[in-house]
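The structure under discussion appears below in the form of structure tokens.
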Amino acid sequence: MRRHKLLVLILLVFFGTAQASDKVLNRTGLPTAMQDFDHYQNQQFNPLFDAGSWHGYLLPDRAEFAGTFPGPLLVFEEYSLYLADALERFQIRDSLTGEQFDLARAQLSQSSGPGQLRQTIEWKNLRVHLDLYFLNQYDAIVRYRLENTSPKRMQLEWHWQGQLMTSWDKRQTVAQRFPDWQTTLSATPDGIKVAFSRQRDILNLMTSGAASYQIIRSLPAQTSVQDKSYQSEMRMAPLAAGAGTVFYSIYRYQLTNDVPPHVDVAHLFARAEELISKNQLRWSQWLAKLPATALSTKAFETLIANWRAPAGKIKHDIVVPSTTARWFNGAWAWDSWKHAYALAAVDAQLGKNVMRAMFDYQISAQDPLRPQDAGMLIDTVFCNQDAARGGDGDHWNERNSKPPLAAWAVWELFQQTKDLNWLREMRPRLEAYHTWWYRNRDHNQNGLVEYGATVHPIHTTKDGQLRFKVKLPADPGLPACRQQTDGMYDCAGISAYESILAKRAYQQLELPVQEAAAYESGMDNAARFGFIDDPALQRYADQYYQGNLARARIDWQVRVFENRDAQGALQGYSINQESVDLNAFLYQEKMLLARIADALQDRSAAHQWRVQAQKLKLRIQACFYDAKTGFFYDRQIDAKPENQIGNACQGTLLSQRGRGPEGWSPLWTGAASKAQTKAVMQTMMNPREFLTQVPLPTAALSNPAYDPESYWRGRVWLDQLYFGIVGLHNYGYHQQAQRIQQQFMRGAMGLQGDASIRENYHPLTGRTQGASNFSWSAAHLLMLERLSQKPRSYPPK
């Protein structure tokens, strides 16, 4: 009876998962090079990854490749590269009759679903089913199910062949690009093995010398290897008329030589069906917790495809922004908070680990490199740390942090699990992070915080001076500036920087602290941080200053403050603007820390957090809102001591740099007044501002720097769209929120079909932009799908 129930469960899981697939993602394709890039430098196609794997597979898009799973796409520490077009092509022959089962004459049907790829190849006398699943982070398994549909016995001979990719990209071979890199293909008793020699090209390919890829078969075969190609022969036992049989191949990818005992190959083959059923059950349980829409399934599949198990310096599971995008095989802080929030209702344990991966590297007071940043969460975590930490990675980033949304995700995970131990684990970490902002990013100590940068070799000389570069028509005559071969001057010091700004005649200015501060905001090149291209700046000058470019440039200049401790030691930098979104996020975090304290029965701390939150809420309403234009802006401040008085609003609003999504951040966090929200809502719903075909772009149409081809100056990003929609719901504007959401869903290309979810979308055409298979877009789509089922009401609790 128990076996019968288990069989019924397995069938329900299988058919339930198959029904849910509905081809929400097109997983067909055939790569032609290791770097098979599209216009945005994404690896083409959407391979299936699962279980934290670092390797993924496709379905063939050509009949002659039937029976293969093209690829694999391997993540070489920080870069995803195709190892082959299809590494396990086969031919079949019946040795009793001599019949050759020609793939060109077969019927092929194939499909992809959550966690699986399937093919059925059918001839007159033979049917072959191939199913690919992931068993763990190392191993994918292919199940071959054979059916002899003829009236006679068969004895099948299998011939496999494959070749490693020889093209690096459309211009170079692998040998030309990496003449010293060796990919050694060898035969093993049960298949083949590819070993990779050490290669440390930090912008293209990183291997340690220990990585390997294997094909391991459950039936013995004779294999021969010639350079980068192989052939394997296998003769099966006779197959009676009408009978069937099953065998398996395992595809194993290891970044190191360490493989846990539980992935012993013999053990995996012996338990293959049980493990496949567990895979299907896992997916069935996940899908049961999702909104019953194809878009929710696609969004969740995208998150799982970007899930990486621990490796290298990554200590817990992460969800990378995009496995297929060139630069995104690591974890970013605020991306991780969004991924964890979306995962909370489906797989809370995975969501917790995604957060822990970033908190593993929270700076402590004992840190040998930057103890002054105790409590800070760094921007990115990758397989390899940077040179300052003893590694050779280029993407590990401690130049800046990211917006404080960690408590938002922690609380959502608690809401889904009611796990008080989770709150006990995270509370001191969250409080240390919250305190860091006020200690290291509030230059005038007035309780309103700025984005900024850490003390870092890119920002700071060895003797503690600010670094920057400038291009001038003539020698600046400053001893702190040295001319470089590219015509730029490499300069040091705040006074030198102020002198250059005063001259206004510079042709180009590169300020690493400004770049890091924008990174810290998450809006990398947003107009509000002074970023504007030359043609747009000239148009701005023509409109406001009779074409005077030098005068116009003043409105876009960014100054730098050095933040020092009581002993005068440099702690880091702030730029000269208090940011509305940062302070709105910190208001929300105070409220969430109060809830966490309540849940842990710490009433005194909860009361103190709420008092702080209420005070900050009133200051946000007073200091960042412009009644004349009905919108929230950042506030520009200066460093003069006489302007650092109590709680007064200092400086001026940066309204001249135009409107962006930071203006509705107080709506999302509940920090705006009702009257302010009404005015902001009207701007959001204005077709000449934000109600574009795909609504809520990252710069209003009226913004002087608006450019929908630029990263954060006009494209539509899903997180800012979500914040805007929820912000309107928070204050009772449900109809407007629903209109924006519906307009986005209709206008964004590919959302309702089987194309990948993209990083951002063109506000006027809906055209896809940026990275493919983008996780935070997927995360916010899941949030929006849930929101459609249960709109929120003002005020946020």
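The values are calculated or read from the model by the stated rules, or taken from the named source; none is laboratory data. Remember, predicted model here, so these are calculated numbers, not experimental data. Here the Cβ positions follow ideal geometry from the backbone for every residue, glycine too, while neighbour counts run over all protein chains shown.
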For W160, the lone unmet condition from (1) surrounded by fewer than 19 Cβ atoms within 10 Å (Cβ to Cβ); (2) in a strand (DSSP E or B) is (1)
For I500, are the conditions met, namely being under 29 Å from V449 (Cβ atoms), of a type in the set (V, I, T) and modelled with pLDDT of 95 or more?
-> no
Regarding A333, is this residue under 25 Å from E520 (Cβ atoms), over 10 Å from the mean Cα position of the chain (by Cα), in the same structural domain as N397 (by TED's automatic domain parsing) and at pLDDT 95 or above?
-> no
Per-region count, segment 115-124, residues at pLDDT below 95 and either within 12 Å of T28 (Cα to Cα) or within 28 Å of the chain's Cα centre (by Cα) (or both) | 0
The one condition G56 fails out of (1) outside any loop (DSSP other than H, G, I, E, B); (2) at pLDDT below 95; (3) in contact with a strand residue (DSSP E or B) (Cβ under 9 Å, 6 or more places away or on another chain); (4) not hydrophobic (A, V, I, L, M, F, W, C) is (2)
Could you check, for segment 759-767, whether at least one of its residues is closer than 22 Å to F631 by Cβ, in the same structural domain as W664 (by TED's automatic domain parsing), surrounded by fewer than 17 Cβ atoms within 10 Å (Cβ to Cβ) and of a type in the set (A, V, I, L, M)?
-> yes
Is it the case that R739 is out of contact with any strand residue (DSSP E or B) (no Cβ under 6 Å at 6 or more places or on another chain), basic (K, R) and closer than 25 Å to F585 by Cβ?
-> no
Scan segment 680-696 and give yes if some residue there is modelled with pLDDT of 95 or more and among the charged types (D, E, K, R), otherwise no.
-> yes
Of the candidates L618, L592, the one satisfying the condition of being more than 30 Å from Y506 (Cα to Cα), at pLDDT 95 or above and surrounded by fewer than 17 Cβ atoms within 10 Å (Cβ to Cβ) is L618
Any pair with Cβ under 7 angstrom, 6 or more apart, that starts in segment 302-327 at a residue that is touching a residue at least 12 places away in the same chain (Cβ under 8 Å) and assigned by TED's automatic domain parsing to the domain that holds I202 and ends at one that is among the charged types (D, E, K, R) and surrounded by fewer than 20 Cβ atoms within 10 Å (Cβ to Cβ) = none
Might you check whether a residue that is among the hydroxyl-bearing types (S, T, Y) and either outside the structural domain of S574 (by TED's automatic domain parsing) or out of contact with any helix residue (DSSP H, G or I) (no Cβ under 6 Å at 6 or more places or on another chain) (or both) occurs anywhere in segment 413-421?
-> no
T68 fails exactly one of (1) without any contact (Cβ under 8 Å) to a residue 24 or more places away in the chain; (2) among the polar types (S, T, N, Q); (3) surrounded by fewer than 19 Cβ atoms within 10 Å (Cβ to Cβ), namely (3)
If D475 satisfies every condition in (1) without any contact (Cβ under 8 Å) to a residue 40 or more places away in the chain; (2) closer than 24 Å to Y573 by Cβ; (3) acidic (D, E) but one, which is the exception?
-> (2)
